[in-house]
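Okay, structure first, notes after.
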Amino acid sequence: MKNRKITSIDDLSAKDIHSIAELAIKFKKSKKRIAGNKTKNIFNLFLEPSTRTTISFELAAKNLGYNSVNINFEKSSLSKGETFNDTMDTLMSMKPDALVIRDKNNFSPMNIAKKSNVPVINAGDGTNEHPTQALLDYCVIKEIFKKKKIKIGICGDIKHSRVAHSNIKLLSKMGYQIHIIAPTYFLNRNELIKINDKIKFHKNLNYLEKLDVLMMLRVQKERIPKDAKNMMKSFKKEFCLQNNHLLNKPYLMHPGPVNRNIEISDEVLDNYPKSLILKQVEMGVYLRMACLHYILK
Ligand code: CP
């Protein structure tokens, strides 16, 4: 049998997504460590900064009774000039049971998975995808809305957001109505229509109160260095969420980290009663336990 992998939402059927989410929610309800698993070595290679994803993968492995081996750019020989391919050959020679990778280059998890027998999980590749974030977002939505097919808005820097791309693929696959809210400089409309031609597009925040859930995105300033300052200024003026935009209607999500007062104002971030942002972080651990279980079973 071919190795299981989660390098993209494309690797998963609707049935896989449903099973992974059910298992994550079960892990969350039981709040238990899973004892008695045969020891496995999970390598976490993070070549871009991360707080939530890296810690949740480490906790997830430990909760399952596995060893978690963490490597980042500064601590690796990549920082001494070793090539990416040589580093990968080196890591694979140590025979990990699974590799979790975050990289600034689009498609590098897919390329590794093609060349190796080791199961690979994509923890974020450039502007392409962040499938485990989309899976955990789906779990949080499913916990509240069960099977109801609600209206979900995704707002902000869609073009540079791997979270948005994975969420659009996942929510389309699971039959949700998707509303994209973004200025033209943050939109890759043609690419999105190829994924789902029923997506509705909005150029301002007027539609928010008709949504059940609003996912705000981080402006990816490190991926748009030349124009980032102007874009952030312009985005802040037109799209920074204030209480009067939400009127306590939609649940609010954000993958984190938030650019305070660019995407979301302090008043909303600190006080909005329907914010799910920290629930997303909590679910991250259980979802990543379910993902490790899925690729290693
Ligand atoms: N959402 C997310 O990927 O956060 P980190 O960059 O902190 O892992």
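The values are calculated or read from the model by the stated rules, or taken from the named source; none is laboratory data. Source: prediction; values computed, not measured. Because the Cβ atoms are built from the backbone with ideal geometry, glycine has one as well, and the counts that use them run over all protein chains shown. The accessibility values were calculated without ligands, DNA or RNA, using every heavy atom of the protein model including side chains. Shrake-Rupley method; radii C 1.70, N 1.55, O 1.52, S 1.80 Å.
Here's the yes/no breakdown for (1) assigned to a loop (DSSP other than H, G, I, E, B); (2) loosely packed, with under 14 Cβ neighbours inside 10 Å; (3) more than 16 Å from the ligand (Cβ to nearest atom):
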site: ASN248; (1), (2), (3): yes, yes, yes
site: LEU252; (1), (2), (3): no, no, no
site: PRO257; (1), (2), (3): yes, yes, no
site: LEU269; (1), (2), (3): no, no, no
site: LEU278; (1), (2), (3): no, yes, no
site: VAL281; (1), (2), (3): no, no, no
site: TYR286; (1), (2), (3): no, no, no
site: ALA290; (1), (2), (3): no, no, yes
site: TYR294; (1), (2), (3): no, no, yes
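Restricting attention to the stretch 162-200, the residues that are more than 21 Å from ASP227 (Cα to Cα), in contact with a helix residue (DSSP H, G or I) (Cβ under 7 Å, 6 or more places away or on another chain) and either modelled with pLDDT under 95 or in a strand (DSSP E or B) (or both) add up to 3.
The condition (being open to solvent by 10 Å² or more (accessible area, probe 1.4 Å), within 26 Å of GLY284 (Cβ to Cβ) and more than 23 Å from the chain's Cα centre (by Cα)) is satisfied by just one residue among LYS142, LYS75: LYS75. Take PHE46 and tell me if it is among the aromatic types (Phe, Trp, Tyr) and within 16 Å of the ligand (Cβ to nearest atom). In short, yes.
Looking at LYS159, LYS146, just one residue is closer than 15 Å to ARG218 by Cβ and out of contact with any His (no Cβ under 9 Å at 6 or more places or on another chain), and that residue is LYS159. Based on what the data block shows, is GLY124 in the same structural domain as PRO250 (by TED's automatic domain parsing), part of a strand (DSSP E or B) and not hydroxyl-bearing (Ser, Thr, Tyr)? The answer is no for GLY124. Among the residues of the stretch 96-115, those that are free of Cβ contacts under 8 Å to residues at least 40 places away in the same chain and either in contact with a Phe, Trp or Tyr (Cβ under 9 Å, 6 or more places away or on another chain) or open to solvent by 20 Å² or more (accessible area, probe 1.4 Å) (or both) comprise ASN105, ASN106, PHE107, SER108, ASN111, LYS114, LYS115.
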